[in-house]
Amino acid sequence: MKRVVITGMGIYSAIGKNLAEVKESLYQGKSGIILDPARKEMGFRSALTGMVERPHLKGVLDRRMRVGLPVQGEYAYVATLEALQTAGIDQLFLDKHEVGILYGNDSSAVPVVESVDILRNKKDTMMIGSGYIFQSMNSTVSMNLSVIFRLKGVNFTISGACASGSHALGVGYMMIRQGLQDIIICGGAQEINAESTASFDALNAFSTREAEPAKASRPFDRDRDGLVPSGGAASVILESYESAMKRGAPILGELIGYGFSSNGEHISLPNVEGPVRAMQNALADAGIRPESIDYINAHATSTPAGDSNEARSIDTVFGSCKPLVSSTKSMTGHEMWMGGASEVIYSTLMMNHSFIAPNLNLENTDEYTSLLNIATRTEHREIRSFLSNSFGFGGTNSSLIVRKA
């Protein structure tokens, strides 16, 4: 089995448009959550959201390439540019080598809505632009980026609800470890728009703490009242250790464990046993014991049931050693399909700068969240290994373990 290392990272998120901005936001505990009045006008119960500007790609990317990209694809393009740059990979290298892409994405709502609106209003399919088909497919990010960067390796999308980005890294890790690929661009993208989140709002899933947006996302807090939707894109370059050494590439961390499971119960309510198995499987895959984990980036989205059950599952696996825990969603909101990839980047930045970002807005714990050793302020701490949890609708669970290089 080959070793799998991280040689590049790129991020476009509500707390920063690049690695440097994101690192500073994590260190300062800066929230990226705002109130969007337009959502209130549309009839949303909650107008809270994370927000990032749309990238300006005119003059950067050829129009022929731009036409097939939805907004989350634009985020992913910018994130991938940064990831390739940090990895020391240019287009000449991509043209000469078999580099793949595995991206997590589970929706592309706006192009679907817009194309159907055109059809209903114009009664003529020929009025629908040629780009909508490529923008509307769940595989939009991987298909577009594979063409833009002229990739020649593996090329498909991982669709696993809010664990999509994490599973993309996990599958990429397995392929490289087995020698099927040397380098894969892995990541996750999430659109930020009303169309993609309206149905979540209809489920009463969102926080309504609108008076203080920065305090709305409250993972593990007793008074949490729901998640805050967010998004952007995160790209991670996974590479075999041999390939990285041959290129003289920077090694930002080593992915050593991937655990997954399914709850097999309720479609939207998480349980305890499924996440426990995912974390135990990740530890077994990495060949390490729970006490080797210094930090856990929890999935914790700020929902009443989800946070409690994750706290119980973490305590079941790590109760004897109690590593520091925080949920970066307290700053970013829930980045959904992107979150599993972005949180590996957030945690790797912390690991390489020896700090742990705070779990914002934790004022009072409850019966189960009090079981955890939660970081409520920035902690200056050496991280040798961290575990990142991502869970999603349908009971899909993913846990990744990364070790310091």
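The values are calculated or read from the model by the stated rules, or taken from the named source; none is laboratory data. Keep in mind that this is a model prediction, so the values were computed, not measured. Cβ coordinates were reconstructed from backbone atoms using ideal geometry, including for glycine residues, and neighbour counts include every protein chain displayed.
Which one is surrounded by the fewest Cβ atoms within 10 Å (Cβ to Cβ), of the residues in the stretch 45-74 that are out of contact with any strand residue (DSSP E or B) (no Cβ under 8 Å at 6 or more places or on another chain) and closer than 26 Å to Ala202 by Cβ? Here the residue is Arg54. Within the stretch 303-316, being surrounded by 22 or more Cβ atoms within 10 Å (Cβ to Cβ), in a helix (DSSP H, G or I) and β-branched (Val, Ile, Thr) holds for one residue alone: Ile314. For the stretch 284-302, taking the residues that are of a type in the set (Asp, Glu) and in a helix (DSSP H, G or I), the one that is farthest from Leu362 (Cα to Cα) is identified as Asp285. What are the pairs, 6+ residues apart or on separate chains, where a residue within the stretch 231-242 that is over 14 Å from Ile184 (Cα atoms) has its Cβ under 6 Å from a residue that is small (Gly, Ala, Ser) and assigned to a strand (DSSP E or B)? Pairs found: Gly232/Ser13; Ala233/Ala189. Tell me which residues, restricted to the stretch 278-292, are of a type in the set (A, V, I, L, M) and either under 13 Å from Asn359 (Cβ atoms) or out of contact with any helix residue (DSSP H, G or I) (no Cβ under 7 Å at 6 or more places or on another chain) (or both). Scanning the stretch 278-292 gives Ala278, Ala282, Ala284, Ala286, Ile288. Checking each residue in the stretch 350-405 for being under 25 Å from Leu269 (Cβ atoms) and among the hydroxyl-bearing types (Ser, Thr, Tyr) picks out Thr365, Tyr368, Thr369, Ser370, Ser388, Ser390, Thr396, Ser398, Ser399.
Count of the stretch 11-24 residues, restricted to those that are in contact with a helix residue (DSSP H, G or I) (Cβ under 7 Å, 6 or more places away or on another chain), in contact (Cβ under 8 Å) with a residue 40 or more places away in the chain and within 16 Å of Glu53 (Cβ to Cβ), is 7. Candidates Val99, Val154, Val112: the one that is surrounded by 22 or more Cβ atoms within 10 Å (Cβ to Cβ) and either in contact with a strand residue (DSSP E or B) (Cβ under 6 Å, 6 or more places away or on another chain) or in contact (Cβ under 8 Å) with a residue 12 or more places away in the chain (or both) is Val99. Residues in the stretch 228-283 that are surrounded by 21 or more Cβ atoms within 10 Å (Cβ to Cβ), hydroxyl-bearing (Ser, Thr, Tyr) and assigned to a loop (DSSP other than H, G, I, E, B): Ser230 alone.
Whenever a residue of the stretch 178-189 is farther than 21 Å from Ile345 by Cβ, its partners that are part of a loop (DSSP other than H, G, I, E, B), lying with C-beta atoms within less than 6 angstrom and at least six residues away or across chains, give the pairs Gly179/Lys2.
For the condition of a type in the set (A, V, I, L, M, F, W, C), farther than 25 Å from Ile34 by Cα and at pLDDT 95 or above, Ile192 does not qualify.
If we scan the stretch 190-199, do we find a residue that is at positive phi and either touching a residue at least 24 places away in the same chain (Cβ under 8 Å) or in contact with a Lys or Arg (Cβ under 6 Å, 6 or more places away or on another chain) (or both)? Scanning the stretch 190-199, I find no residue that is at positive phi and either touching a residue at least 24 places away in the same chain (Cβ under 8 Å) or in contact with a Lys or Arg (Cβ under 6 Å, 6 or more places away or on another chain) (or both), so the answer is no.
When you look at Ser235, is it closer than 21 Å to Val344 by Cβ, at pLDDT 95 or above and in contact with a helix residue (DSSP H, G or I) (Cβ under 6 Å, 6 or more places away or on another chain), yes or no? For Ser235, the condition - closer than 21 Å to Val344 by Cβ, at pLDDT 95 or above and in contact with a helix residue (DSSP H, G or I) (Cβ under 6 Å, 6 or more places away or on another chain) - is met. When Asp285 is tested against (1) over 20 Å from the mean Cα position of the chain (by Cα); (2) charged (D, E, K, R); (3) under 15 Å from Thr369 (Cα atoms), exactly one condition is not met: (3).
Among the residues of the stretch 361-405, write down those that are in a loop (DSSP other than H, G, I, E, B), more than 13 Å from Met351 (Cα to Cα) and hydrophobic (A, V, I, L, M, F, W, C). Matches in the stretch 361-405: Leu362, Leu372, Ala375, Phe393. So which of Val228, Val272 is in contact (Cβ under 8 Å) with a residue 60 or more places away in the chain and among the β-branched types (Val, Ile, Thr)? Going through Val228, Val272 in turn, just one is in contact (Cβ under 8 Å) with a residue 60 or more places away in the chain and among the β-branched types (Val, Ile, Thr): Val228. Can you confirm whether the stretch 156-171 contains a residue that is closer than 28 Å to Met245 by Cβ, polar (S, T, N, Q) and outside any loop (DSSP other than H, G, I, E, B)? Looking through the stretch 156-171, at least one residue is closer than 28 Å to Met245 by Cβ, polar (S, T, N, Q) and outside any loop (DSSP other than H, G, I, E, B). For the stretch 187-219, a residue qualifies if it is under 20 Å from Gly43 (Cα atoms) and polar (S, T, N, Q), and the qualifying residues are Asn193, Ser196, Thr197, Ser199, Asn204, Ser207, Thr208.
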